[in-house]
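Peer 1: This structure is in structure tokens; I'll ask about it shortly.
The values are calculated or read from the model by the stated rules, or taken from the named source; none is laboratory data. Fair warning: this is a prediction, and the values are worked out from it, not measured in the lab. No Cβ is skipped: glycine too gets one built from the backbone with ideal geometry, and neighbour counts run over all protein chains shown.
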Ligand SMILES: O=C(O)CCC(=O)C(=O)O
Ligand SMILES: [Fe+2]
């Protein structure tokens with residue numbers, strides 16, 4: 001039976017419960033217009049950086065460069081480069097409600113794993129199919145029983161089609177027993193999106209960027225990854241974001257960026273990422289007062 005993306009599509013005005021039901025069933029949910037009021041400002045903030053960015057990734061080991069895409073521009077560190085990202089994208093209430101619901105079975109809080117622009121250039125081939133969970137490889141052994149430790153929210157920063165390299169995913173692949181079974185490109189479906197739409201996907205779902213077979217239409221998307229608080233994020237953002245910048249963010253955003261501690265409350269287990277057992281947010285406040 002062919003999969004119809006409409007069956008996994010909701011609107012920004014819909015509830016987190018509906019999003020959750022679709023994510024559970026298909027392994028992802030497309031949320032129409034989730035960031036439609038924010039993408040122009042984000043593009044504005046980032047345009048100069050994207051324009052001067054080359055294709056490919058300079059600092060990755062050779063073996064990973066194919067995966068990242070030799071003809072794809074990847075711009076990382078978005079939270080530092082864009083105030084719109086810090087103010088709006090990190091505080092989107094539907095996205096946060098979805099993530100709260102999804103992660104609460106596994107972890108009391110979560111980090112921003114990465115926020116990066118992925119602009120697939122004309123001529124780029126399809127990305128190798130994968131599950132984002134594989135960044136923490138041990139979980140692959142557990143198949144569908146693996147805990148949900150990483151989620152990806154891919155936001156369209158331009159309208160894009162299958163021909164431009166829309167992300168392709170295999171619906172239901174989060175429910176497979178054997179995660180060592182490679183996905184078949186013929187079983188993937190493109191997630192075509194309009195500017196501002198967002199696609200929230202389980203780390204257990206097989207996917208990859210599609211090939212861009214157009215002559216002159218880059219596909220611009222942003223991936224916002226989130227990982228549970230007891231795993232290391234991809235980007236070391238708290239080490240490179242100035243504290244002064246972090247202070248302008250909401251508490252939720254500070255927590256996701258590593259400027260607050262991680263408390264295992266509901267699931268128990270104590271606190272992590274503290275200073276002498278003190279909540280990091282309190283530590284920053286107290287030591288700053290002492291300095292003044
Ligand atoms: O760019 C895309 O559509 C997906 C990229 C991706 O899945 C990844 O790099 O992990
Ligand atoms: Fe991925």
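Peer 1: If I filter the stretch 1-13 down to residues being part of a loop (DSSP other than H, G, I, E, B) and touching a residue at least 24 places away in the same chain (Cβ under 8 Å), which single residue comes out as surrounded by the fewest Cβ atoms within 10 Å (Cβ to Cβ)? Before the answer, list the steps.
Peer 2: Residues of the stretch 1-13 that are part of a loop (DSSP other than H, G, I, E, B), as a first pass: 1-4, 12-13.
The next check asks that each one be touching a residue at least 24 places away in the same chain (Cβ under 8 Å); those that pass are 3, 12.
Details: 3: 15, 12: 18.
Taking the candidates together, the pick is 3.
Peer 1: Using the structure shown, decide if residue 196 is over 30 Å from residue 262 (Cα atoms), within 17 Å of the chain's Cα centre (by Cα) and more than 16 Å from ligand 2 (Cβ to nearest atom).
Peer 2: On the way: over 30 Å from residue 262 (Cα atoms): yes; within 17 Å of the chain's Cα centre (by Cα): yes; more than 16 Å from ligand 2 (Cβ to nearest atom): yes.
Judged against the criteria, residue 196 is a match.
Peer 1: If you check residue 243 against the conditions, is it under 30 Å from residue 266 (Cα atoms), free of Cβ contacts under 8 Å to residues at least 40 places away in the same chain and away from ligand 2 (no atom under 16 Å from the Cβ)?
Peer 2: Spelling it out, it is not the case that residue 243 is under 30 Å from residue 266 (Cα atoms), free of Cβ contacts under 8 Å to residues at least 40 places away in the same chain and away from ligand 2 (no atom under 16 Å from the Cβ).
Peer 1: Moving to a separate point now. Which numbered condition in (1) more than 16 Å from ligand 1 (Cβ to nearest atom); (2) touching a residue at least 24 places away in the same chain (Cβ under 8 Å) is the only one that residue 286 fails?
Peer 2: (2)
Peer 1: If you don't mind, there's one more thing I want to ask. Those residues that are in a loop (DSSP other than H, G, I, E, B), modelled with pLDDT of 85 or more, touching a helix residue (DSSP H, G or I) at 6+ places or on another chain (Cβ under 7 Å) and over 15 Å from residue 221 (Cβ atoms), I need them from the stretch 33-76; list them, please.
Peer 2: 56
Peer 1: If you go through the stretch 186-208, how many residues are surrounded by fewer than 23 Cβ atoms within 10 Å (Cβ to Cβ) and within 14 Å of ligand 1 (Cβ to nearest atom)? First the steps, then the outcome.
Peer 2: Residues of the stretch 186-208 that are surrounded by fewer than 23 Cβ atoms within 10 Å (Cβ to Cβ), as a first pass: 186-190, 192, 194-196, 208.
Those still in the list that are within 14 Å of ligand 1 (Cβ to nearest atom) too: 188-190, 192, 208.
Number of matching residues: 5.
Peer 1: Looking at the stretch 150-169, which of its residues are assigned to a helix (DSSP H, G or I) and under 22 Å from residue 234 (Cα atoms)? It would help to see each step written out before you state the result.
Peer 2: Taking the stretch 150-169 and keeping what is assigned to a helix (DSSP H, G or I), we get 162-164.
Answer for the stretch 150-169, where residues must be assigned to a helix (DSSP H, G or I) and under 22 Å from residue 234 (Cα atoms): there is none.
Peer 1: Let me ask something else about it. Any chance the stretch 101-111 includes a residue that's more than 29 Å from residue 258 (Cα to Cα), modelled with pLDDT of 95 or more, out of contact with any helix residue (DSSP H, G or I) (no Cβ under 7 Å at 6 or more places or on another chain) and away from ligand 2 (no atom under 14 Å from the Cβ)? Steps first, answer last, please.
Peer 2: First, the residues of the stretch 101-111 that are more than 29 Å from residue 258 (Cα to Cα): none.
For the stretch 101-111, residues more than 29 Å from residue 258 (Cα to Cα), modelled with pLDDT of 95 or more, out of contact with any helix residue (DSSP H, G or I) (no Cβ under 7 Å at 6 or more places or on another chain) and away from ligand 2 (no atom under 14 Å from the Cβ): absent.
Peer 1: Only one of (1) within 16 Å of ligand 2 (Cβ to nearest atom); (2) within 15 Å of the chain's Cα centre (by Cα) is not met by residue 127, so which one is it?
Peer 2: Answer for residue 127: the failing condition is (2).
Peer 1: Right, here's the next one. Being within 9 Å of ligand 1 (Cβ to nearest atom), crowded, with 21+ Cβ neighbours inside 10 Å and in a helix (DSSP H, G or I) is the filter here; which residues of the stretch 112-144 pass it?
Peer 2: The answer is 132, and nothing else.
Peer 1: Same structure, new question: Would you say residue 215 is surrounded by fewer than 13 Cβ atoms within 10 Å (Cβ to Cβ), over 21 Å from the mean Cα position of the chain (by Cα) and either within 16 Å of ligand 1 (Cβ to nearest atom) or under 30 Å from residue 36 (Cα atoms) (or both)? Break it down stepwise before answering.
Peer 2: Working: surrounded by fewer than 13 Cβ atoms within 10 Å (Cβ to Cβ): yes; over 21 Å from the mean Cα position of the chain (by Cα): yes; either within 16 Å of ligand 1 (Cβ to nearest atom) or under 30 Å from residue 36 (Cα atoms) (or both): yes.
Yes.
Peer 1: Is it the case that some residue within the stretch 106-115 is touching a residue at least 12 places away in the same chain (Cβ under 8 Å), over 17 Å from the mean Cα position of the chain (by Cα) and closer than 13 Å to residue 204 by Cβ?
Peer 2: Yes, the stretch 106-115 contains a residue that is touching a residue at least 12 places away in the same chain (Cβ under 8 Å), over 17 Å from the mean Cα position of the chain (by Cα) and closer than 13 Å to residue 204 by Cβ.
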